[in-house]
Amino acid sequence: MMKNHSDIGFNTKLIHSGEIDDQFKSATVPIYQTSTFSFSSSDEGARCFAGESDGYMYTRIGNPTINALERQIAILENGHGGIAVSSGMAAATTIYLALMSQGDHIVSTDAIYGPARNIMEKQFSRFGLQSTYLNTTDASKIREAIRPNTRILYIETPANPTMDITDLKACADIAHEKGLLLVVDNTFCSPYLQNPLDLGADIVFHSMTKFINGHADIVAGIIIAKEKPVYEKLRNMMVLLGCNMDPHQAYMVLRGLKTLGIRIDKAQQNALEVARFLESHPKVAWIKYPGLPSHPQYDVAKKQMRGDGSMISFGLKGGFSAAKKMLDRVELALLAVSLGGVETLIQHPASMTHAKVSAEDKQKAGITDDLIRLAIGIEDVEDIINDLKKGLE
Ligand code: LCS
């Protein structure tokens, strides 16, 4: 079992940094499918609950299978520790509730995953939390939006579904100058393509439903904090909310995680070819893919991402009606929300993932009616392109 994970490569970490010291030397992390753990004595039980022992007590608080995954992702993101949760939304909610109090304010990217904005504007506003959503690609606008009661700068980059890219280093500088915590949703990149904590973020989180698990069979999330005090606040809130991961869920993610590097390598190689095909197609009005020099933040992407990813947004000259026809015509691409699995997916954010964002806010955030979002999989690229050709006929 490898003890030192600091000087091995990323793909080696994917294979070996989840290992635990199992008594039977299992090659994979066993599933501790239990809700509770017995104590060797009443004194030992009391020590566990007093935080004076590393022993396990109860799975909502901690479990060896879940902890193996938390340690591994914390290593991949270069953080102090990870907190695995039941979904990506549970990660966002835990962050909001752990780090904001009544009357506090958050500044955030407007084109984030729809429900992560919806819960703040429609639910947490009822408890006095305040929010400002704006296009964070312009750092000067972020500065203008910060108020004396702002606590968090929350960035999603690339953003879902506009593919806008926000400069993480510039945001870290602003956040730290103003005494805010910088939170980054790193779902679209995974730790393979981007490490926000290295660029100055305080917290990074993922919907592991996407690339990290990678097989469209699990819903899961994780939060990684750079420093211990913030980590402890987040863990405490997760335990109280009860949005913990299940041991079987953790096992499935540990399994999917091992191939993260080779899956993303193939998917982004496919995505670049698909993006070039779409960019040169006469029916395509516009396209945003970080690997194309036409992307408005191409230089920022090159600076902070180690690859271009496999998410593409584009619009057709025929607008929404042409988009609808395309969605109904493709056969290989599944007409489905989500992303980051091995299969190619196609969806229409304005009427699907971002349907609950108001028409005005969608317009402002660039979630236009003609926008089609593609999550490119690892199929043979000729087949993906032939399918899209059929869709565009
Ligand atoms: N953050 C991002 C960037 C996401 O794309 C999603 C889900 C979440 C957070 C929430 O994660 P969950 O609770 O679903 O694990 N994105 C979805 C999407 O684009 N289509 O369906 C779900």
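Of these, Asp104, Asp167, which one is over 30 Å from Pro293 (Cα atoms), touching a residue at least 12 places away in the same chain (Cβ under 8 Å) and surrounded by fewer than 24 Cβ atoms within 10 Å (Cβ to Cβ)? Spell out how you get there, then give the answer.
Values: Asp167 fails: over 30 Å from Pro293 (Cα atoms).
Exactly one of Asp104, Asp167 is over 30 Å from Pro293 (Cα atoms), touching a residue at least 12 places away in the same chain (Cβ under 8 Å) and surrounded by fewer than 24 Cβ atoms within 10 Å (Cβ to Cβ), namely Asp104.
Cβ separations smaller than 8 Å between residues 6+ apart or across chains give the following pairs from the range 70-84 residues that are over 16 Å from Glu19 (Cβ atoms) and in contact (Cβ under 8 Å) with a residue 60 or more places away in the chain to residues that are assigned to a loop (DSSP other than H, G, I, E, B) and of a type in the set (Asp, Glu): His80/Glu227. Of all the numbered requirements in (1) surrounded by fewer than 20 Cβ atoms within 10 Å (Cβ to Cβ); (2) within 14 Å of the ligand (Cβ to nearest atom); (3) under 23 Å from Thr136 (Cβ atoms), Ala359 misses one, and that requirement is (2). Against the numbered list (1) in contact with a Gly (Cβ under 8 Å, 6 or more places away or on another chain); (2) more than 24 Å from Met252 (Cβ to Cβ), Gln72 comes up short only at (2). Residue pairs whose Cβ atoms lie under 6 Å apart, separated by 6 or more positions or on different chains, with the first residue in the range 125-139 and on the phi > 0 side of the Ramachandran plot and the second surrounded by fewer than 16 Cβ atoms within 10 Å (Cβ to Cβ), are Gly128/Gln102; Gly128/Gly103.
Phe320: at pLDDT below 95, more than 18 Å from the chain's Cα centre (by Cα) and assigned by TED's automatic domain parsing to the domain that holds Asn386, yes or no? Talk me through it step by step, then tell me what you get.
Values: at pLDDT below 95: yes; more than 18 Å from the chain's Cα centre (by Cα): yes; assigned by TED's automatic domain parsing to the domain that holds Asn386: yes.
In short, yes.
Scan the range 48-64 and tell me whether some residue there is modelled with pLDDT of 95 or more, assigned to a helix (DSSP H, G or I), in the same structural domain as Asn149 (by TED's automatic domain parsing) and of a type in the set (Phe, Trp, Tyr). Taking every residue of the range 48-64 in turn, none turns out to be modelled with pLDDT of 95 or more, assigned to a helix (DSSP H, G or I), in the same structural domain as Asn149 (by TED's automatic domain parsing) and of a type in the set (Phe, Trp, Tyr).
Quick one: in the range 190-235, of everything that is β-branched (Val, Ile, Thr) and away from the ligand (no atom under 14 Å from the Cβ), which residue is surrounded by the most Cβ atoms within 10 Å (Cβ to Cβ)?
Quick first cut of the range 190-235, residues β-branched (Val, Ile, Thr) only: 203-204, 209, 212, 218-219, 222-224, 230.
Within this subset, residues satisfying the condition of being away from the ligand (no atom under 14 Å from the Cβ) are 224, 230.
Details: Ile224: 30, Val230: 21.
Going through the qualifying residues, I end up with Ile224.
So, Leu332, is that one assigned to a loop (DSSP other than H, G, I, E, B) and either surrounded by fewer than 23 Cβ atoms within 10 Å (Cβ to Cβ) or of a type in the set (A, V, I, L, M, F, W, C) (or both) or not? Considered against the rule, which asks whether it is assigned to a loop (DSSP other than H, G, I, E, B) and either surrounded by fewer than 23 Cβ atoms within 10 Å (Cβ to Cβ) or of a type in the set (A, V, I, L, M, F, W, C) (or both), Leu332 comes out as yes.
Listed here are the residues, each with its yes/no results for (1) away from the ligand (no atom under 16 Å from the Cβ); (2) crowded, with 23+ Cβ neighbours inside 10 Å; (3) in a loop (DSSP other than H, G, I, E, B); (4) at negative phi.
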{"residue": "Trp286", "(1), (2), (3), (4)": "yes, no, no, yes"}
{"residue": "Gly307", "(1), (2), (3), (4)": "yes, no, yes, yes"}
{"residue": "Lys325", "(1), (2), (3), (4)": "yes, no, no, yes"}
{"residue": "His354", "(1), (2), (3), (4)": "no, yes, yes, yes"}
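Is one or more of the residues making up the range 37-57 free of Cβ contacts under 8 Å to residues at least 40 places away in the same chain, surrounded by 10 or more Cβ atoms within 10 Å (Cβ to Cβ) and under 24 Å from the mean Cα position of the chain (by Cα)? No, the range 37-57 has no match at all.
The values are calculated or read from the model by the stated rules, or taken from the named source; none is laboratory data. Bear in mind that the values here come from a model prediction, so they are computed numbers and not experimental data. Glycine gets a Cβ as well: all are built from the backbone with ideal geometry, and neighbour counts include every protein chain shown.
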